[in-house]
Each structure stands twice: as C-alpha cells, then as structure tokens.
1. Do the conditions hold for Gly111, that is, is it touching a helix residue (DSSP H, G or I) at 6+ places or on another chain (Cβ under 8 Å), under 30 Å from Ala315 (Cα atoms) and assigned to a helix (DSSP H, G or I)?
2. Quick one: is Ser312 surrounded by fewer than 16 Cβ atoms within 10 Å (Cβ to Cβ) and modelled with pLDDT of 95 or more?
3. Condition check: more than 20 Å from Ser76 (Cα to Cα), surrounded by fewer than 15 Cβ atoms within 10 Å (Cβ to Cβ), at pLDDT 90 or above and among the aliphatic types (A, V, I, L, M). Does Ala319 satisfy that?
4. Would you say Leu249 is touching a Cys at 6+ places or on another chain (Cβ under 9 Å) and not basic (Lys, Arg)?
5. Under the condition of being small (Gly, Ala, Ser) and either at pLDDT below 95 or surrounded by 15 or more Cβ atoms within 10 Å (Cβ to Cβ) (or both), which residue from segment 291-309 is nearest to the chain's Cα centre (by Cα)?
6. From the list Ala198, Ala227, pick out the single residue that is within 20 Å of the chain's Cα centre (by Cα) and at pLDDT 95 or above.
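The values are calculated or read from the model by the stated rules, or taken from the named source; none is laboratory data. All of these numbers come straight from a predicted model, not from anything done at the bench. Note: ideal-geometry Cβ built from the backbone for every residue, glycine included; neighbour counts use all protein chains shown.
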Amino acid sequence: MGKDPYVGSGLWYPPFSALFFLPYQIFDAARAYSIHVFVLVLLTIASVWWSINIAESAVAQGASSHVAGDFGMTISLFLSLAFLTLSSYGFLFGVERGNIDVYPLVLCLAGLWVLVRYPKRLWLQVILFSAAAHLKVYPAVLLLLPLWRQGRRSLVPIVVVNAVLLFCIGPGPALHFIETLSGVAASPEVWVGNHSAASFGQMLNGFLGERWGFTIPSAALVGLPLAIWLVSAFALFRRRYSDSGATWLFAMSVPLMNLIPGTSHDYKLVLLVAPFAILLRLLTGEYVTSGRWSPLAQVILACGLLILLSVSYIAVPPALGNKYPLIVGSQLLLLWSLSTFKYPSPGLMADVAA
C-alpha cells in the first residue's frame, strides 16, 4: 500500500523481509498461510539434506574418504533427521506461528555451498549471507566466512549489498527498523520458551535470588556461549582458510545465533538441525571406519541432545525446560568434536586445546 511497515504494523524484522514476503499479498490470509506452511516443510527437508551434503563435500575434502563414501549412511541419517525435525516441538511451534527462521537457514546453507563449490563467485556468496541477515539479523555473523575466504576483496560487496538491502524500501523504514530493533533488544520477552541468554539469565536469577539470595551476572551467561565460539573461531583462524574450516565455523556459529539475540523463542530450534546434521554425518563415518570410542561417545551425546531439544518444555523436568543449557551443551560437543576430528593436516587439536 506504499506505507511504512514499521508504523502501526508491529514489524521489527529488517525492511528486506517486508519486500521478500510481499508476494504472499496475492493471496488471502488463509491460503497464504497454507502455502507458507508447505514451503516451510520443503525448506526444512532441504536444509537437512543440504547440511549432510555440505559435510560430505566440504569437510571431507582432503580428510578421511569414509566421510563421503557411504550413500546408505547418508540416506539413513537424512530420513532420521528429517523425521525428527518435522515432528519436533520447535518446528511445530514455528508452523503454529508461521515463523520464518528456516528461510534464512536455507539462504545461509546456500551461501556456504557457493563458498565451497564456487569460491570465485564472491558477490553471490555475499548476497546470500546478507539476504539471510536481512530476514533475521543474527545470520550477519556468517559474513565472516567470505571475509575469511576472500579477505579485503569482500569488503566492498559486503558494504554495497547490505546498504542496498537496508534501504530497499526507503530511508524512513531503515531508520525505523534500527530504532525498533534497539528497543526489542533492550526488552526481551522472558519466559521458558525463550532460550536466549538474556531470558534464561533473568529466569535463573529470579530462582536463585528468591531461594538462595544471590544472582549470576547476566554478562556471564551471554559471555559463556560467546567464549566457546571465540575459542573455536580462534583455533580455525590460526590456520589458513579451508573449506572444512569454513564448514566447522558455520556449524559453531549456528548455536550462537540462538543464544545471543535477546529474543530467541523455541521456534528457532529448527536452526540447530544444520550443525547436528553436519556433526552426525562426520562422526558416524569416522566411527564406522576407525572404531574409536570418542566419535561413538559424541554420537550418543548428540542424539541425546537432539531428543531433549526436540521435545516441549512441558515434557521435561522444569530444570530442562529452558533450552539454553542444552544449546550451550551443543556448543561444547561441537568444540570437542572439532578438537578430535581426524583432519588432513596435524595441529588442529593442539590449537583448540591451547
């Protein structure tokens, strides 16, 4: 209608999101929702398949050939994860709300795929990662990937593309978005189904303060997942860029997207299927070939975390209702797996340990 979507509509996603979903206006609300749910199902299935294939094509390059060699293992893992994801509490919550987090997830996976398979297509990589960031802000962390791969050459595309997307429907909406975002970030909605560090911290401190008279600094709960991510990123950045390193950094960054934004309702749990699919494909292949105990232990832990993350907070003990501790546990599992995975060149485990 030519109006500012931030005035009276309650929109607080980036301006590009209003433009991106404009085609739904062709349909009435009920039909648009039905189409949207159908697309959500297709994109969720695609994200599972794409994540597994990225693990095989990128992380396996130069590493153990067993990771990419067993098609039966790939199909079994894909069917299991697709079923678990589509029947999970987080996905069904997203369907109930018509949530869009799977859209930026697929755009991020597409950006990673182009980065790995077509490294010279810098602008396309930046467009895909930036489009994801302008649907939901948190994927902006993945712009580190083209910056790591291409260095200073990526700065101009990053600045140009993000400026175009920010001002795609005019300067007024862009400024209103920034104002709205700062307000939302300062006042997160606190409840058991918001697994952000800010929400969990307020819930935890309310419990501790009422019963034992002390609290934990909120910065510590934000800093813990950030510190885990920084350790893994530092270990990877110490080495030269590789497709496997980029894929590991992607997997380590997804849980961070869930925990750092002040509002991360449980429909964002669908994001975690990507790092878990990558991780499980690598670990199962490594265990089948090597028989070592560590990948088997990591597979068991990953499956346990996946099950707990897939059920509603009403189906678990109250202490496990908020998913923050489970997602931090996923970060630690990814870091452990990163340090023990058989890389093509030595030294990564020493880097992580250091």
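1. No: the conditions fail for Gly111.
2. In short, yes.
3. The answer is no for Ala319.
4. The answer is no for Leu249.
5. The extreme case among them is Ala302.
6. The match here is Ala227.
One line per residue, one yes/no per condition, for (1) among the hydrophobic types (A, V, I, L, M, F, W, C); (2) crowded, with 24+ Cβ neighbours inside 10 Å; (3) touching a Phe, Trp or Tyr at 6+ places or on another chain (Cβ under 9 Å):
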site	(1), (2), (3)
Ala251	yes, yes, yes
Pro255	no, yes, yes
Asn258	no, yes, yes
Leu269	yes, yes, yes
Val273	yes, yes, yes
Thr284	no, no, no
Thr289	no, no, no
